[in-house]
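Below is one structure. I have some questions about it.
Nothing in this text is a laboratory measurement; each read-out follows from the coordinates by a stated rule. Nothing here was measured: the structure is a model prediction, and the numbers come from that model. All Cβ positions, even for glycine, are placed from backbone atoms using ideal geometry, and neighbour counts span all protein chains on display.
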Amino acid sequence: MKSFFPISLILLALVLAGCSSASNPGEAAVPLQGDADLNSSTDWGGQTPLLDEQGAVTAEITPLNLANPGDALDFQVSLNTHSVDLSMNLANFATLTTDTGKTVQAVTWDAPLGGHHVSGTLSFPASVDGVPVLEGVSKLTLTLVNVDAPERVFIWER
């Protein structure tokens with residue numbers, strides 16, 4: 001009976017290793033929420049926030065309406081710090097880029113200016129020259145520059 005126990009542990013470890021999922025180095029993690037259907041053409045990994053903690057500012061961004069954008073692509077943004085003044089129009093520092101080659105500048109930052117804890121909605125145009133920004137897109141990159149770090153990159157994939 002003594003030899004059965006170590007063999008059982010080895011078998012259990014092999015089964016668990018075979019069931020675990022590994023991610024490829026360099027591949028962006030796709031946050032999932034609930035029972036998200038990965039084959040859905042509108043699924044962008046749910047509305048799980050992405051976090052960047054560079055420098056003295058923590059930036060957390062959550063897409064609000066990628067599945068149904070209307071006139072704008074909106075993102076909830078929270079900026080938190082204990083040492084940096086956040087009196088800025090974040091729209092001036094934000095771009096949205098697609099894997100189809102489109103890049104758009106943010107158009108509005110609906111948030112109070114100033115303080116050390118700022119939350120608001122960052123909006124981008126949903127179409128350029130009458131063509132939806134998300135048409136044919138499988139990867140979306142939101143970039144913030146010069147927010148107490150040279151560059152902060154947030155990536156969503158379908």
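Can you run phi through the Karplus equation (6.51, -1.76, 1.60; θ = phi - 60°) for region 84-90 and list ³J(HN,Hα) in whole Hz, with x for Gly and Pro?
Rounded to whole hertz, the list is 10, 7, 9, 7, 8, 8, 4.
Still on this structure, I have one more. Provide, as a two-decimal number, the C-alpha radius of gyration of region 98-139 over 2.2 N^0.38 Å, N being how many residues it has.
1.49
Could you derive backbone 3J(HN,Hα) for region 127-140 from the dihedral phi with the Karplus parameters 6.51, -1.76 and 1.60 (θ = phi - 60°), listing whole Hz in sequence and x where the residue is Gly or Pro?
9, 10, 6, x, 9, x, 4, 8, 4, x, 8, 10, 9, 10
What residues have an amide H closer than 5 Å to that of residue 86, excluding those fewer than 5 places away on the same chain, when H is modeled at 1.01 Å from N in the peptide plane?
Long-range HN contacts for residue 86: 114, 115.
Something else: Would you mind counting up the charge near residue 121? Only other residues with Cβ under 15 Å from its Cβ, with Lys and Arg at +1 and Asp and Glu at -1.
-4
Okay, moving on. Normalised by the number of residues in region 50-157, what is the relative contact order in percent for Cα pairs under 8 Å and 6+ residues apart?
27 percent
Also, I was wondering about something else. Express the Stokes-Einstein translational diffusion coefficient of region 50-157 in µm² s⁻¹, to the nearest whole number, given a Kirkwood radius over alpha-carbon pairs, 20 °C and a viscosity of 1.002 mPa s.
D = 153 µm²/s.
To continue, here is another question. Give the residue list of GluC sites (Glu not before Pro) in region 69-158 that are DSSP loop and have at most 15 other beta-carbon atoms within 10 angstrom.
135
Okay, moving on. Near the amide H of residue 107, under 5 Å away, which other amide H atoms are found, from residues 5 or more places off or on another chain, if H is placed in the peptide plane?
Placed amide hydrogens put 123, 124 under 5 Å from residue 107.
Amide H to amide H under 5 Å from residue 72: which residues, 5+ apart in sequence or cross-chain, H placed 1.01 Å off N in plane?
126
If I model a spin label at residue 113 and residue 92 as a point 7 Å from the Cα along the Cα→Cβ vector, what separation in nanometres do I get?
About 0.8 nm, to one decimal.
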